[in-house]
Amino acid sequence: MDVRFVTRNVDVSEETKDLMEKKLAKIERFFNKIVDVQVVLDHKRGMSIVEITADVNGLTMRGEDYAPDMRKAFEKSLKNIERQVKRHKDYLKDRTHIKTHDISFDLPTDVFQDYRDQDDSSSRDIVKKKRFPVSVMLPAEATRQMDLLGHSFFVFRNGDSGEFNVVYRRHDGGYGLLEPQD
């Protein structure tokens with residue numbers, strides 16, 4: 001497991017980094033497929049903020065917490081990550097395998113034809129473009145991944161239908177699922 005430290009507005013001693021690295025190594029006993037971990041240490045308004053981001057076999061897990069003491073903030077963030085790793089490991093044990101042999105990754109070209117025909121003068125400027133891998137999963141798994149990342153929506157390929165779907169967090173506290181219409 002590769003551990004990277006990023007410090008902002010704070011100096012951290014080597015012995016504190018070593019202690020944090022030893023404690024991070026202990027989460028491998030819960031799940032041994034942790035590829036790398038990034039620890040961001042920050043200090044704002046008298047509070048130490050620790051954000052731990054772990055790449056767990058392609059799944060991103062994030063824990064963030066704050067406290068007046070850097071070590072306490074780290075311990076709280078580490079507990080968040082441990083809880084997520086344990087929950088993910090339990091989920092993998094209980095999960096039935098998704099049938100992926102019936103899924104096609106080809107998109108029909110006529111889906112986007114209506115948008116190509118529109119007048120360019122009404123188009124908006126795109127200020128950022130982001131590429132990301134789209135995973136095959138069930139909607140329940142997609143909401144779990146969205147919560148782990150702390151995002152308000154998540155794009156995925158549905159394991160049941162093979163179509164692109166979006167899950168999103170609703171303002172009333174529930175989740176929504178967007179499915180394409182034929």
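Computed over the stretch 2-94, the range of Cα coordinates on each principal axis works out to 43, 22, 18 Å, biggest value leading. Using θ = phi - 60° in the Karplus curve 6.51 cos²θ - 1.76 cosθ + 1.60, the 3J(HN,Hα) couplings for the stretch 27-37 round to 6, 5, 6, 7, 8, 8, 9, 8, 7, 8, 9 Hz; x is entered for Gly and Pro. Listed cross-link partners K23/K44; K93/K129; K17/K86; K17/K89; K44/K128 are compared with a 30 Å cut-off, the Cα-Cα value being larger for K93/K129. Fully extending the segment from D36 to S135 would add 33.7 nm, taking 0.36 nm per residue of separation and subtracting the current Cα-Cα distance.
No lab work stands behind these numbers, since they all come straight from the coordinates. These numbers come from a predicted model, not from an experiment.
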